Amino acid sequence: MLRWFLAGAAYFAIVFAAAFALGIVRVSFIVPVLGSLWATLLELPFTLGIAWFACAWISRLSGSPSLSQAITMAASAFVLLIGAETVGSFLIFKRSPADLIASYGTMAGALGLVGQIAFGCFPVLQCIRDNSTRADRTPPRAS
């Protein structure tokens, strides 16, 4: 199981670094022009695309997880993400956890939360997809 906690940590680290860089661009250049909602709508597909491919890459490197291993990877990555967001929100924006939770009540905040939930679900979704694909390729047994 430790391997899958570490896989989740690696998945989190890759996506967090990319999302942080994209977030700087979003906040610095796109929000002032288009507003928070449109900026989030523009950024989210890129972040989720990076997350999807990073998840697949880390899963392959770690050795195609079983469903329980994918859940471990997903949970560890999601917990790290929420923790990092909470700490970053406080340190960078001086927001309390209550303020962070309240920000999810905005459309942009809700979209961001949906993106975070999708990020957390990707290891499990990919595991299910990979297992069904393998089952489809398995030739039927002769009687």
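Brief remarks on what is shown
- Total residues in region 1-31 satisfying the condition of being crowded, with 18+ Cβ neighbours inside 10 Å, closer than 12 Å to Ala70 by Cα and aromatic (Phe, Trp, Tyr): the figure is 2.
- Residue that is nearest to Met1 (Cα to Cα), among those in region 57-116 that are open to solvent by 70 Å² or more (accessible area, probe 1.4 Å) and among the charged types (D, E, K, R): Arg60
- Single residue of region 32-48 satisfying the filter (open to solvent by less than 80 Å² (accessible area, probe 1.4 Å) and of a type in the set (A, V, I, L, M, F, W, C)) that is nearest to Val124 (Cα to Cα): Leu48
- Flag: Ala51 matches the condition of being out of contact with any Leu (no Cβ under 8 Å at 6 or more places or on another chain), crowded, with 19+ Cβ neighbours inside 10 Å and closer than 19 Å to Ala110 by Cα.
The values are calculated or read from the model by the stated rules, or taken from the named source; none is laboratory data. What you see is a predicted model, and the numbers here were worked out from it, not measured in a lab. Neighbour counts run over all protein chains shown; Cβ positions are idealised from the backbone, glycine included. For accessibility, only protein heavy atoms count, side chains too; no ligands or nucleic acids. Shrake-Rupley method; radii C 1.70, N 1.55, O 1.52, S 1.80 Å.
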